[in-house]
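Engineer: I am attaching a structure below and will ask some questions about it afterwards.
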Amino acid sequence: MKREEIVSAVRSQPEVDVLVVGGGINGIGTFRDLALQGVSVLLVDKADFCSGASAASSRMAHGGIRYLENGEFRLVRESLAERNRLLKNAPHAVFPLLFTIPVYGWWSGILNAPLKFLGLLKRPSERGVVVIKLGMTLYDWFTRANRMTGTHALLSRQDALQKHSHLNPNIVMAATYYDALMPQAERIGLEIVLDAEAESPQAHALNYVTVTGADGESVQLQDQVSDQTFAVRPKVVVNASGAWIDFVNSAMHRPTRFIGGTKGSHIVVDHPALLNTLNGSAIFFENKDGRMCIFAPFEDKVIIGATDIRIENPDEAVCTDEEIDYFLGFTEHVLPGLKVDRSHIVYHFCGVRPLPSTDVDFAGLISRDHSIQVSEPNEVTRFPIYSLVGGKWTTFRAFAEQTTDRVLVFLGRARRGGTADLPIGGGEAYPQSDDQRQAWIETAAADTSLPTERVTTLFERYGTRAAEVARYTASGADRPLASAPMYSEREIMFLAEHEKVVHLEDVIVRRSILGLLGQVNGDVLQQTAAALGGVLGWTPEQVEAEIGQTSALLQQWHGVPAERLQLRAPDAHA
Ligand SMILES: Cc1cc2nc3c(=O)[nH]c(=O)nc-3n(C[C@H](O)[C@H](O)[C@H](O)COP(=O)(O)OP(=O)(O)OC[C@H]3O[C@@H](n4cnc5c(N)ncnc54)[C@H](O)[C@@H]3O)c2cc1C
C-alpha cells in the first residue's frame, strides 16, 4: 500500500492491537514479530526508519567481547547467537569480519573483572594479553556448537607489525578474532519493515508520523508530510523510541526516567594508506581513557569511532570538533606515522544509545543489555506502555521476541511462529556457494539483458531482491548517475516506488551508501532528486526544496562542505 493509502486506512479504522512508536531496529523487529503472529500492528516513526541510533552504530554485529569483563555472560552469549543468526538470515548484508586487537602488556587489566564485581571499578585499566586471551577463549566457547566464523588467534609482535604496517611498535602482541560487519545496517531495517508488511495485511508502517499525545484510549499522531493529525486506539503501546523514550512517555502524560543516553560519533575518512594498514580487518583497540575504539574498513573508506558521552537531548546529538580531535589523537597513538587529518574526513555521523538511566560515572561501564519497562494502564492512558530500554543492534531480534511474548500474553494470544530462522529481505533463497551465486547472477543477467557486472553490483547490494531491481531497471531507459555511476537513475526510481521513500535524504543517507562514502555532490543531489520526483510526483519547487533540505542536513549534521554540494555540471541531468 502507498503511504497515503495507509494513512487513510488507519484514519478510517483507528482500532489496532499494538502501536509501536519508533522505527529504529528494536521497533522494527517488534513490528515484524507481531505481524507474524497475526496481530494488527501500526509502526510509526517521527522521521525515517532507522534514522536514530540505528543509523549511527559502528555497524558491527558482535558479541561484545568487552562485556565479559562486566560479568555480562548472558548478554554476550545472546549477542553471539544473534550475530550468527544475522550471518545466516541476512547473508547479503552481514559479513564475517576479522578484528585485530593490539596489546601493550601481559598481565594488566586482570583485576578489572573482580573489582567490577565488588563495585570498586571506576574505570577499567588497560587489558593485557592474559585477560584478552581469556575473553576470546570464552567467546569461542560460546559459539562452539554453531560456528559461523573462524576462531581467535594470537599474533607475535613481529607478525602483527608485518601485517599492519603502521601499528604502534610498543605492542607486545596482537590478538585476532571474528565478529561481523553490517555495512548497510539501515537497509536491513527497511527490508524487515517490507517483509512484515508483505507477511500480514494487518501490519502497516509509516515514517514521518510523530506521536504527539495520548488521552484515555487514544494516541495522537501527526503526519509530518500533510501536517494533519489523527488518532489511533491501541490495546497496547510499545514505546521503542530509543533515546526519546522518556519524551514520548511524557507526551503521552505518563512521565518516566528510564533513559540515560550517551551519544557516540564516527568519522569516515578517505585515506588509502590507512585502509591498506587495516589489511582487510578491523582494528579494535583500547584508547588511553579506557574506551574501546575501532578502525573499520568500509568499501574504499575507513570508519573511525566511537565516543560515549552523556547527553540529555537526542535531537542535539552531532559530532563535535572535540570528538574529531579525539579521533585524530588516538589514530596518532595507535598508528603512529600515518598522518590523518581533517582534510581526509568525508562524512561524520552521530547517534544516542538508549542506555538505562544510572549513576555509573564511566559511560563505558553502563550495561548494554536490554529490558522492558511496563507502565500499567491507569486513568490517563487505558492501555499499558511497554518501553524498550537499551539493546544493541545485534540483539534486536531477541529483544523483539521477548517484547512480542509479553504483548501476546497481554492480548491473550498464542505465538504462531518464531523469527530465529527467518530470512531477511534479500537473504531469502540466497545462493550458498560461490558457484551458485555466479549462476544466480548469470541467470538474472540473461533474464534482463543487463550486463553481468551490473547484476553483480545489484546482487551485492540487494541480495536476491536484485532480481526485482534488475527487472525494474531493465524495463525502461536507464543511465548511471553522472557523478556516482555505481547507482543508476532507474535504481533510484525503484527505491522511490518500493522502499517507502518520502524525502531525498532517505535515499542519500539511508537507502544508499552515497552519503556515508562521501560521494554526494551537487550533481548527485540534482539527479537523484529528479529521479525520485518523477516517481513521487514532485513539482519543480518540491525538487528544489528537497535538494535544499538534504544539502542543509549534510552540512549541519554530517560535516559535508557546502562547496562540494554546489551543482558542478549543469547538464549532468539534462
Ligand atoms: C555510536 C554508537 C555505536 C554503536 N555501535 C553498535 C554496534 O556496532 N553494534 C551494535 O549491535 N549496536 C551498536 N550500537 C547500539 C545500537 O545502534 C542501538 O542500541 C540501537 O540502534 C537502538 O535502536 P532503537 O530502535 O532502540 O533506537 P533508535 O534507532 O534510536 O530508534 C528510535 C526511533 O524513535 C523515533 N521517535 C522518537 N520520538 C518519536 C515520536 N514522538 N514519535 C514517533 N517516533 C519517534 C526516532 O525517530 C527513532 O527513529 C551503537 C550505538 C551508537 C550510538
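Engineer: Can you confirm whether region 469-487 contains a residue that is among the small types (G, A, S) and under 19 Å from N89 (Cα atoms)? Walk me through it before giving the result.
Structural biologist: Pass one, region 469-487, residues among the small types (G, A, S): 470, 474-477, 482-484.
When the remaining residues are screened for being under 19 Å from N89 (Cα atoms), the result is none.
No, region 469-487 has no match at all.
Engineer: Continuing with the same structure: Does region 508-524 hold any residues that are touching a Ser or Thr at 6+ places or on another chain (Cβ under 6 Å), assigned to a helix (DSSP H, G or I) and either of a type outside the set (D, E, K, R) or surrounded by 22 or more Cβ atoms within 10 Å (Cβ to Cβ) (or both), and which are they?
Structural biologist: Going through region 508-524, the residues touching a Ser or Thr at 6+ places or on another chain (Cβ under 6 Å) turn out to be 508, 521, 523-524.
If we keep only those that are assigned to a helix (DSSP H, G or I) as well, we get 508, 523-524.
Selection gives I508, V524.
Rundown of residues vs (1) surrounded by 21 or more Cβ atoms within 10 Å (Cβ to Cβ); (2) in contact (Cβ under 8 Å) with a residue 60 or more places away in the chain; (3) touching a Leu at 6+ places or on another chain (Cβ under 9 Å), yes/no style:
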position	(1), (2), (3)
E186	yes, yes, no
P201	no, no, no
L221	yes, yes, yes
S226	no, yes, no
T229	no, no, yes
V237	yes, yes, yes
S250	no, no, no
R257	no, yes, no
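Here is a yes/no grid of residues against (1) assigned to a helix (DSSP H, G or I); (2) within 15 Å of T457 (Cβ to Cβ); (3) of a type in the set (K, R):
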site: Y472; (1), (2), (3): yes, yes, no
site: Y487; (1), (2), (3): no, yes, no
site: E505; (1), (2), (3): yes, no, no
site: Q527; (1), (2), (3): yes, no, no
site: A530; (1), (2), (3): yes, no, no
site: E544; (1), (2), (3): yes, no, no
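Engineer: Further question on the same structure: Quick one: would you say V302 is in a strand (DSSP E or B), within 20 Å of G22 (Cβ to Cβ) and under 20 Å from the mean Cα position of the chain (by Cα)? Show your work before the answer.
Structural biologist: Values: in a strand (DSSP E or B): yes; within 20 Å of G22 (Cβ to Cβ): no; under 20 Å from the mean Cα position of the chain (by Cα): yes.
In short, no.
Engineer: For region 245-283: of the residues being under 22 Å from R368 (Cα atoms) and part of a strand (DSSP E or B), which is farthest from the ligand (Cβ to nearest atom)? Spell out the reasoning first.
Structural biologist: The initial filter retains those residues of region 245-283 that are under 22 Å from R368 (Cα atoms), namely 245-249, 256-266, 282-283.
Those still in the list that are part of a strand (DSSP E or B) too: 259, 262-266, 282-283.
Details: I259: 10, T262: 7, K263: 7, G264: 2, S265: 7, H266: 6, A282: 10, I283: 14 Å.
For region 245-283, the residue satisfying everything is I283.
Engineer: While we're here: Hey, among E286, E316, which residue is within 19 Å of G24 (Cα to Cα) and away from the ligand (no atom under 13 Å from the Cβ)? Give the derivation first.
Structural biologist: Details: E286 fails: within 19 Å of G24 (Cα to Cα).
Unique residue meeting the criteria: E316.
Engineer: Can you pull out every residue in region 206-244 that is aliphatic (A, V, I, L, M), more than 20 Å from V7 (Cβ to Cβ) and away from the ligand (no atom under 13 Å from the Cβ)?
Structural biologist: V236
Engineer: Quick check on region 30-46. Is at least one of its residues within 11 Å of the ligand (Cβ to nearest atom), within 30 Å of T149 (Cα to Cα) and either in a loop (DSSP other than H, G, I, E, B) or of a type outside the set (S, T, N, Q) (or both)?
Structural biologist: Yes, region 30-46 contains a residue that is within 11 Å of the ligand (Cβ to nearest atom), within 30 Å of T149 (Cα to Cα) and either in a loop (DSSP other than H, G, I, E, B) or of a type outside the set (S, T, N, Q) (or both).
Engineer: In region 205-229, what residues are within 16 Å of Q13 (Cα to Cα) and touching an Asp or Glu at 6+ places or on another chain (Cβ under 7 Å)?
Structural biologist: If the condition is that a residue be within 16 Å of Q13 (Cα to Cα) and touching an Asp or Glu at 6+ places or on another chain (Cβ under 7 Å), then A205 is the only one that fits.
Engineer: Mind listing whichever residues of region 349-389 are closer than 16 Å to S58 by Cα, outside any loop (DSSP other than H, G, I, E, B) and either assigned by TED's automatic domain parsing to the domain that holds S79 or within 11 Å of the ligand (Cβ to nearest atom) (or both)?
Structural biologist: Scanning region 349-389 gives F349, C350, G351, V352, R353.
Engineer: Let me ask something else about it. Which of the residues spanning region 1-27 are in a helix (DSSP H, G or I) and either farther than 18 Å from S387 by Cβ or assigned by TED's automatic domain parsing to the domain that holds A496 (or both)?
Structural biologist: Of the residues in region 1-27, the ones in a helix (DSSP H, G or I) are 3-12, 25-27.
Answer for region 1-27, where residues must be in a helix (DSSP H, G or I) and either farther than 18 Å from S387 by Cβ or assigned by TED's automatic domain parsing to the domain that holds A496 (or both): R3, E4, E5, I6, V7, S8, A9, V10, R11, S12.
Engineer: Follow-up question, since we're still on this one. If only one of A214, A153 is farther than 28 Å from I25 by Cβ, more than 27 Å from the chain's Cα centre (by Cα) and of a type in the set (G, A, S), which one is it?
Structural biologist: Just a single option satisfies the conditions, and that option is A153.
Engineer: Show me the strands (runs of 3 or more DSSP E) found entirely inside region 130-227 where at least 2 residues are at positive phi.
Structural biologist: Working: elements: 153-156, 173-181, 203-206, 209-215, 218-223.
Ranges flagged: none.
Engineer: Moving on. Restricting region 379-393 to residues that are of a type in the set (F, W, Y) and farther than 12 Å from N249 by Cβ, which is surrounded by the fewest Cβ atoms within 10 Å (Cβ to Cβ)? Reasoning before the result, please.
Structural biologist: Our first condition is that a residue be of a type in the set (F, W, Y); within region 379-393, this holds for 383, 386, 393.
Then drop every residue that is not farther than 12 Å from N249 by Cβ, which leaves 383, 393.
Details: F383: 23, W393: 26.
Checked region 379-393; the qualifying residue surrounded by the fewest Cβ atoms within 10 Å (Cβ to Cβ) is F383.
Engineer: Look at region 1-45 and say how many of its residues are under 17 Å from the mean Cα position of the chain (by Cα) and of a type outside the set (V, I, T).
Structural biologist: Residues of region 1-45 under 17 Å from the mean Cα position of the chain (by Cα): 22-32, 45.
Remaining after also requiring of a type outside the set (V, I, T): 22-24, 26-27, 29, 31-32, 45.
The qualifying residues number 9.
Engineer: Show the residue pairs meeting these rules: Cβ distance below 6 Å; 6+ apart or different chains; first residue within region 469-495 and in the same structural domain as A531 (by TED's automatic domain parsing) and in contact (Cβ under 8 Å) with a residue 60 or more places away in the chain; second residue assigned to a helix (DSSP H, G or I) and hydrophobic (A, V, I, L, M, F, W, C).
Structural biologist: Taking only residues 6 or more apart or on different chains, the pairs are S483/V524.
Engineer: For region 52-80, enumerate the residues that are more than 13 Å from the ligand (Cβ to nearest atom) and in a helix (DSSP H, G or I).
Structural biologist: Initial filter on region 52-80 (more than 13 Å from the ligand (Cβ to nearest atom)): 68-74, 77.
Correct list: L68, E69, N70, F73, R74, R77.
Engineer: Also: When region 435-451 is examined, which residues are found to be among the aliphatic types (A, V, I, L, M), surrounded by 12 or more Cβ atoms within 10 Å (Cβ to Cβ) and over 13 Å from E468 (Cα atoms)? Don't jump to the end; show me each part of the working.
Structural biologist: First, pick out the residues of region 435-451 that are among the aliphatic types (A, V, I, L, M): 439, 441, 444-446, 450.
Within this subset, residues satisfying the condition of being surrounded by 12 or more Cβ atoms within 10 Å (Cβ to Cβ) are 439, 441, 444-445, 450.
If the condition is that a residue be among the aliphatic types (A, V, I, L, M), surrounded by 12 or more Cβ atoms within 10 Å (Cβ to Cβ) and over 13 Å from E468 (Cα atoms), then A439 is the only one that fits.
The values are calculated or read from the model by the stated rules, or taken from the named source; none is laboratory data. Fair warning: this is a prediction, and the values are worked out from it, not measured in the lab. Quick reminder, even Gly has a Cβ in these numbers, built from the backbone with ideal geometry, and neighbours come from all protein chains shown.
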